[in-house]
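All remarks here apply to the structure that follows.
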Amino acid sequence: MTDILKLSAYVAERARHRGHSLTEQMLELFAERRVTTSVVLRGIASFGPQHIVRTDESLTLSEDLPALVLAADTAEVIAPLAEQVGEMLDRGLLVVEHAELVDCSLPEFARHRDAVRLTAYFSRRQRVAGVPAHIAATALLHRLGFSGVITYLGVDGTAAGERHRAGFFSRNANVPLTLLAVGSREQARAAAAELRQMFGGPFVTAEQAQICKADGALLSRPLPLPDDQLLQKLMVYTDENWLHDGEPVHRALIRRLRDSPCAGATVLRGVWGYCGQQRPHGDQLTRLTRAVPVSTTVIDTAEGIEAAFDIIDELTAEHGLVTSERVPAAVAVHGRNRSGSTRLRPRGNRPNG
């Protein structure tokens with residue numbers, strides 16, 4: 001296994017740095033440093049510390065939708081980049097997390113009940129027997145019994161250090177796709193071997209997680225953090241057409257969380273995947289429909305997570321997969337107000353410890 005660091009920057013799509021697009025400058029930096037894999041994902045709804053909601057439902061606010069910039073590589077590459085990206089932020093949240101590069105095995109996590117979140121990076125042109133890579137991989141993970149899978153279509157990114165951007169009149173064959181999957185350690189171990197056999201050597205990382213809810217059933221609340229300076233991440237996987245009191249669950253989550261002490265949340269729309277007992281489904285890459293998977297991410301202190309989880313638990317009473325993970329390093333920026341550090345805390349042997 002190879003130790004990997006993952007950088008995640010939650011920013012506004014139109015954010016600027018020194019008069020230029022922030023996401024553009026991040027990707028130029030990643031390409032310059034030849035980052036192994038990175039991707040820019042466009043969100044559909046979010047709010048931050050000021051609790052101003054930005055959503056694709058509003059024509060005015062949709063001009064500045066949320067964006068999530070991801071990058072993964074060795075610690076030697078990501079650690080200095082994280083400091084540079086943190087200095088570039090005027091508003092937003094930067095998170096740095098541990099991961100393992102998956103070959104044909106997985107680290108021996110100490111607790112048998114620990115879940116694993118796999119992240120696989122593909123390009124749109126990759127195929128397996130004529131089937132798009134993310135669809136073939138999802139079918140494999142569904143067969144192995146993974147609790148949920150979601151694939152996001154990127155609009156920019158790097159692969160093997162080379163940059164690939166989506167263009168309006170381009171086939172965009174090399175634009176990255178990012179697949180997230182949640183399952184048990186045993187399922188992830190089986191998937192690691194089959195993914196390598198299927199694709200030859202895809203870039204796949206593994207991280208520990210705790211499954212809090214599955215198919216609407218409460219399994220356990222997020223485990224307490226060992227340090228009150230740490231942050232925690234909740235991810236809620238639902239479907240765009242799942243409703244709560246006539247409103248899509250992810251929209252209801254943003255509305256309710258905004259009125260809580262929660263520091264912020266971001267919703268991403270997937271193009272393919274499933275949750276729980278569903279069959280894999282989604283959208284053609286050329287258009288969006290309402291029958292696609294979505295994910296809602298909340299990153300906050302223990303107090304904020306406690307309040308957020310009560311709301312999430314209520315709104316996912318019938319559907320949904322909810323996971324919890326510890327955040328070992330984060331920097332929150334709002335103008336002149338900066339908190340946190342990119343210095344990572346030591347890894348523990350539990351998802352939240």
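Just to be sure, is GLY320 modelled with pLDDT under 95 and either within 17 Å of the chain's Cα centre (by Cα) or surrounded by fewer than 18 Cβ atoms within 10 Å (Cβ to Cβ) (or both)? Working first, answer last.
Numbers: modelled with pLDDT under 95: no; either within 17 Å of the chain's Cα centre (by Cα) or surrounded by fewer than 18 Cβ atoms within 10 Å (Cβ to Cβ) (or both): yes.
The answer is no for GLY320.
Scanning region 132-155 for residues that are assigned to a strand (DSSP E or B), in contact with a Phe, Trp or Tyr (Cβ under 7 Å, 6 or more places away or on another chain) and of a type outside the set (S, T, N, Q) yields GLY148, VAL149, ILE150. Within 24 Å of LEU225 (Cα to Cα), out of contact with any Ser or Thr (no Cβ under 6 Å at 6 or more places or on another chain), at pLDDT 95 or above and surrounded by fewer than 16 Cβ atoms within 10 Å (Cβ to Cβ), is that true of GLU314? In short, yes.
Assess whether GLU83 counts as being under 19 Å from HIS250 (Cβ atoms), over 19 Å from the mean Cα position of the chain (by Cα) and either of a type outside the set (Ser, Thr, Tyr) or not in a helix (DSSP H, G or I) (or both). Spell out the reasoning first.
Values: under 19 Å from HIS250 (Cβ atoms): no; over 19 Å from the mean Cα position of the chain (by Cα): yes; either of a type outside the set (Ser, Thr, Tyr) or not in a helix (DSSP H, G or I) (or both): yes.
Here the answer is no, as GLU83 does not meet what is asked.
Number of residues in region 210-230 that are at pLDDT 95 or above and of a type in the set (A, V, I, L, M, F, W, C): the value is 6. Taking first residues from region 138-157 that are charged (D, E, K, R) and partners that are outside any helix (DSSP H, G or I) and at pLDDT 95 or above, the Cβ contacts under 9 Å between residues at least 6 apart in sequence or on separate chains come to ASP156/SER38; ASP156/VAL39; ASP156/VAL40; ASP156/VAL69.
Under 15 Å from LEU223 (Cα atoms), at pLDDT below 95 and either of a type in the set (A, V, I, L, M) or not in a loop (DSSP other than H, G, I, E, B) (or both): does that describe GLU303? I'd like the intermediate steps shown before the answer.
On the way: under 15 Å from LEU223 (Cα atoms): yes; at pLDDT below 95: yes; either of a type in the set (A, V, I, L, M) or not in a loop (DSSP other than H, G, I, E, B) (or both): yes.
For GLU303, the condition - under 15 Å from LEU223 (Cα atoms), at pLDDT below 95 and either of a type in the set (A, V, I, L, M) or not in a loop (DSSP other than H, G, I, E, B) (or both) - is met.
LEU179 falls short on exactly one of the conditions (1) outside any loop (DSSP other than H, G, I, E, B); (2) of a type outside the set (D, E, K, R); (3) surrounded by fewer than 14 Cβ atoms within 10 Å (Cβ to Cβ), and that condition is (3). Would you confirm, using the coordinates I've provided, whether ARG111 is charged (D, E, K, R), out of contact with any Pro (no Cβ under 7 Å at 6 or more places or on another chain) and either on the phi > 0 side of the Ramachandran plot or modelled with pLDDT of 85 or more (or both)? Taking the combined requirement at face value, the residue does not satisfy it. Taking region 22-48 as the range and being small (Gly, Ala, Ser) and in contact with a Leu (Cβ under 9 Å, 6 or more places away or on another chain) as the test, the residues that pass are SER38, GLY43, ALA45, SER46, GLY48.
Results for (1) modelled with pLDDT of 95 or more; (2) surrounded by 21 or more Cβ atoms within 10 Å (Cβ to Cβ); (3) out of contact with any strand residue (DSSP E or B) (no Cβ under 7 Å at 6 or more places or on another chain); (4) of a type in the set (Phe, Trp, Tyr), shown as yes or no for each residue.
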residue	(1), (2), (3), (4)
ALA129	no, no, yes, no
ALA136	yes, no, no, no
ALA139	yes, no, yes, no
GLY148	yes, yes, no, no
GLY161	no, no, yes, no
ARG165	no, no, no, no
ARG171	no, no, yes, no
GLY183	yes, yes, no, no
GLU186	no, no, yes, no
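To keep it simple, each residue is scored yes or no on (1) among the acidic types (Asp, Glu); (2) more than 28 Å from GLN50 (Cα to Cα); (3) surrounded by fewer than 20 Cβ atoms within 10 Å (Cβ to Cβ).
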{"residue": "MET198", "(1), (2), (3)": "no, yes, yes"}
{"residue": "THR205", "(1), (2), (3)": "no, yes, no"}
{"residue": "LYS213", "(1), (2), (3)": "no, yes, no"}
{"residue": "LEU223", "(1), (2), (3)": "no, no, yes"}
{"residue": "LYS233", "(1), (2), (3)": "no, no, no"}
{"residue": "ASP239", "(1), (2), (3)": "yes, no, no"}
{"residue": "ALA265", "(1), (2), (3)": "no, no, no"}
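Restricting attention to region 210-256, the residues that are hydroxyl-bearing (Ser, Thr, Tyr) and touching a helix residue (DSSP H, G or I) at 6+ places or on another chain (Cβ under 9 Å) add up to 1.
To keep it simple, each residue is scored yes or no on (1) within 21 Å of ASP300 (Cα to Cα); (2) β-branched (Val, Ile, Thr); (3) part of a loop (DSSP other than H, G, I, E, B); (4) modelled with pLDDT under 95.
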site: SER38; (1), (2), (3), (4): no, no, no, no
site: GLN50; (1), (2), (3), (4): yes, no, yes, yes
site: LEU68; (1), (2), (3), (4): yes, no, no, no
site: ILE78; (1), (2), (3), (4): no, yes, no, no
site: THR119; (1), (2), (3), (4): no, yes, no, no
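Is there a residue in region 171-180 that is under 30 Å from GLU303 (Cβ atoms) and in contact (Cβ under 8 Å) with a residue 40 or more places away in the chain? Looking through region 171-180, at least one residue is under 30 Å from GLU303 (Cβ atoms) and in contact (Cβ under 8 Å) with a residue 40 or more places away in the chain. Count of region 188-218 residues, restricted to those that are basic (Lys, Arg) and more than 30 Å from ILE311 (Cα to Cα), is 2. With the checklist (1) farther than 30 Å from GLN25 by Cβ; (2) in contact with a His (Cβ under 8 Å, 6 or more places away or on another chain); (3) β-branched (Val, Ile, Thr) in hand, flag the one item THR138 doesn't pass. If we test THR138 against (1) farther than 30 Å from GLN25 by Cβ; (2) in contact with a His (Cβ under 8 Å, 6 or more places away or on another chain); (3) β-branched (Val, Ile, Thr), just (2) comes out false.
The values are calculated or read from the model by the stated rules, or taken from the named source; none is laboratory data. These numbers come from a predicted model, not from an experiment. With ideal geometry, Cβ positions are generated from the backbone for all residues, glycine too; neighbour counts draw on all protein chains shown.
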